[in-house]
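The values are calculated or read from the model by the stated rules, or taken from the named source; none is laboratory data. For clarity, every value in this text was computed on a predicted model and none was experimentally measured. FYI the Cβ positions are ideal-geometry reconstructions off the backbone, even for glycines, and counts take in every protein chain you see.
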């Protein structure tokens, strides 16, 4: 049987099913990685709260991890979701400013790693198993994590990329900045939906990134 990567039209019809399967473990691992790195740098807050575990029940937010992504996907809106944030106390890190930056980067780096795993699954499907199902699983797992990594690196609170802004926030204003960041999620969600429906900023760049990833398959 000859297998191939789905066309753009086929990806659109398959994406809801496969992206939903991929996004839940991807979001959970994204969050856990923050706690792992924070614990490595001296902040055991996540460990004390029993959040350094791969048990998804410890991390799934019923609305943010399951219901919201499902509603967005099946409404034709961009997939977006979140797990319960892993608690991190930046003040307990050995070097709060520099190591706090690394804790923030841990999530997107985990998604890049998972995207590479998806790529490897695709290569296995193309050259060894010859399985269309396996190819689709690898493709959408890889693309979902690629999109999550790119999205989370945007320098917009509360996304991880906002750590790029945090570096320049004076120490005396950090507490106020952290409070603002903690309340920014609803605003971000509204902006995302408006962008998808009206402004379409970054849509072509995201499509080009996905195309680049797919074209690397040989």
Residue that is surrounded by 15 or more Cβ atoms within 10 Å (Cβ to Cβ) and either more than 20 Å from residue 177 (Cα to Cα) or in contact with a strand residue (DSSP E or B) (Cβ under 6 Å, 6 or more places away or on another chain) (or both), where the choices are 109, 159, 93: 109
In the range 1-43, the residues that are assigned to a loop (DSSP other than H, G, I, E, B) and modelled with pLDDT of 95 or more: 41, 42, 43
Matching residues in the range 196-217 - criterion: being in contact with a helix residue (DSSP H, G or I) (Cβ under 8 Å, 6 or more places away or on another chain) and within 24 Å of residue 135 (Cα to Cα): 206, 209, 210, 213, 214, 216, 217
Whichever residue in the range 194-211 is surrounded by 14 or more Cβ atoms within 10 Å (Cβ to Cβ) and over 17 Å from the mean Cα position of the chain (by Cα) and, among such residues, is modelled with the highest pLDDT: 195
From 64, 107, 142, residue being in a helix (DSSP H, G or I), over 24 Å from residue 49 (Cβ atoms) and under 17 Å from the mean Cα position of the chain (by Cα): 142
Test set (1) over 27 Å from residue 113 (Cα atoms); (2) outside any helix (DSSP H, G or I) - residue 157 fails condition number: (1)
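Can you give me the number of residues within the range 67-86 that are in contact with a helix residue (DSSP H, G or I) (Cβ under 8 Å, 6 or more places away or on another chain), outside any loop (DSSP other than H, G, I, E, B) and buried (at least 16 other Cβ atoms within 10 Å of the Cβ)? Outline the logic, then answer.
Quick first cut of the range 67-86, residues in contact with a helix residue (DSSP H, G or I) (Cβ under 8 Å, 6 or more places away or on another chain) only: 69-70, 73-74, 77-86.
Next, only the ones that are outside any loop (DSSP other than H, G, I, E, B) stay: 69-70, 73-74.
Imposing the further condition that a residue be buried (at least 16 other Cβ atoms within 10 Å of the Cβ) reduces the set to 69-70, 73.
The total comes to 3.
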